[in-house]
Amino acid sequence: MLGWLKKRREPRPIPQALWDDVLARYAFLRERPAADLESLRQLAARFLQQKQFAGAGGFVITDPVALAIAAQAVLPVLHLGLSWYDDFVGVVVHADEVVAERTVVDEDGIVHHYDEVLSGEAMDGGPVMLSWRDVEQAGNTAHEGYNVVIHEFIHKIDMRDGAADGCPPLRSRAARVQWLGVMKPAFDEFRERVVIAERFGGQEPWLDPYGATAIDEFFAVAGEAYFVNRQRFQAEFPQLVALFDGFFAAKDAAAR
Ligand SMILES: [Zn+2]
């Protein structure tokens, strides 16, 4: 089964053939600088050592499945470090999207039930759930800026301070004010474009409209695009590229 994934003190290096398969599958990984790729490979090996994968509904976790997830999951923390994911160990993988039954109570105290279709979910302090079909397709959906693994792991980074508020934990209150000073106007503008497109038939924005639902979703959706289609993201959201570079690529930013 999970031959080389068995728990060991030192992470076991990822076999070359498996690593080559992952790079062949995901161009947005393959096209990164060689130094990044080496760090990514080492970090992915440590991720596989530290996390526990579980298949749901009979889905079988194979080495290629676990590695495909690990290699994408560590991309956001390539320069930040794996300790950002210390608050959980579980990664639950379903074969496909999952229908979750939700309940909300409205202002009049009436309980409403509805179904939500999920391709992934990140719980505060708990596991990350992913749909393998979406993970597997990530190479083909990168042009849309879509990537479920990165989306959920950016939620993890956002929630590291206990609040899913579109702002990761930062070194000072001033840094937080500065972050939200860029993020909030970008979110408001995006939401307006989505509303205009939906209600008045305006041109649909490039980014997934799901990002208009809340600022933490906007952070996750924008983060996906930043990591898998930087060029297009740069054209659409130049102010966010600068903001994200300053956080996710801190070492690189310092060197510039
Ligand atoms: Zn989300």
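The values are calculated or read from the model by the stated rules, or taken from the named source; none is laboratory data. Owing to the predicted nature of the structure, the values given are computational and were not obtained by experimental measurement. Positions of Cβ are generated from backbone atoms using ideal geometry, with glycine treated the same way; all protein chains shown enter the neighbour counts.
Which pairs do you get when a residue that is in contact (Cβ under 8 Å) with a residue 40 or more places away in the chain and closer than 14 Å to Q72 by Cα, found in the range 116-135, comes within reach of a residue that is of a type in the set (K, R) and within 14 Å of the ligand (Cβ to nearest atom), reach meaning Cβ atoms under 9 angstrom, with the pair 6+ apart or on two chains?
V128/K156
Check off (1) modelled with pLDDT under 95; (2) surrounded by 13 or more Cβ atoms within 10 Å (Cβ to Cβ) for W132 and give me the number that stays unchecked.
Of (1) modelled with pLDDT under 95; (2) surrounded by 13 or more Cβ atoms within 10 Å (Cβ to Cβ), only one is false for W132: (1).
What are the residues in the range 231-241 that are of a type outside the set (V, I, T) and without any contact (Cβ under 8 Å) to a residue 40 or more places away in the chain, if any?
Q231, Q234, A235, E236, P238
Looking for whichever is within 17 Å of W132 (Cα to Cα) and free of Cβ contacts under 8 Å to residues at least 60 places away in the same chain here; the options are I61, I69. Which one fits? Step through it out loud before you land on a result.
On the way: I69 fails: free of Cβ contacts under 8 Å to residues at least 60 places away in the same chain.
Checking each option against the conditions leaves just I61.
Could you tell me whether the range 93-104 includes any residue that is within 23 Å of F233 (Cα to Cα) and either without any contact (Cβ under 8 Å) to a residue 12 or more places away in the chain or in contact with a Ser or Thr (Cβ under 6 Å, 6 or more places away or on another chain) (or both)?
Taking every residue of the range 93-104 in turn, none turns out to be within 23 Å of F233 (Cα to Cα) and either without any contact (Cβ under 8 Å) to a residue 12 or more places away in the chain or in contact with a Ser or Thr (Cβ under 6 Å, 6 or more places away or on another chain) (or both).
Take the residues of the range 143-192 that are touching a residue at least 60 places away in the same chain (Cβ under 8 Å), aromatic (F, W, Y) and part of a helix (DSSP H, G or I): which is farthest from W132 (Cα to Cα)?
W179
The conditions are (1) in contact with a strand residue (DSSP E or B) (Cβ under 8 Å, 6 or more places away or on another chain); (2) surrounded by fewer than 15 Cβ atoms within 10 Å (Cβ to Cβ); (3) among the aliphatic types (A, V, I, L, M), and V149 fails exactly one of them. Which is it?
So the condition that V149 fails would be (2).
Suppose we keep only residues that are surrounded by 14 or more Cβ atoms within 10 Å (Cβ to Cβ), over 17 Å from the mean Cα position of the chain (by Cα) and of a type in the set (D, E, K, R) within the range 155-191. Which one would you say is farthest from the ligand (Cβ to nearest atom)?
R176
Restricting to helices (runs of 4 or more DSSP H) lying wholly in the range 26-116: which have 1 or more residues that are at pLDDT below 95?
Fully inside the range 26-116 and qualifying: 34-50.
Does A174 satisfy being at pLDDT below 95 and not β-branched (V, I, T)?
Answer is no for this residue.
So how many residues does the range 192-230 have that are within 10 Å of the ligand (Cβ to nearest atom) and surrounded by fewer than 16 Cβ atoms within 10 Å (Cβ to Cβ)?
Final tally of qualifying residues: 3.
Residues of the range 100-126 being away from the ligand (no atom under 16 Å from the Cβ) and β-branched (V, I, T), which ones?
The answer is T103, V104, V105, I110, V111.
Give the range 83-100 a look and list any residue that's closer than 15 Å to P169 by Cα and touching a helix residue (DSSP H, G or I) at 6+ places or on another chain (Cβ under 8 Å), or say none. Walk me through how you get there before you give the answer.
From the range 83-100, those closer than 15 Å to P169 by Cα are 83-87; that's our starting set.
Within the range 83-100, W84, Y85, D87 meet the criteria.
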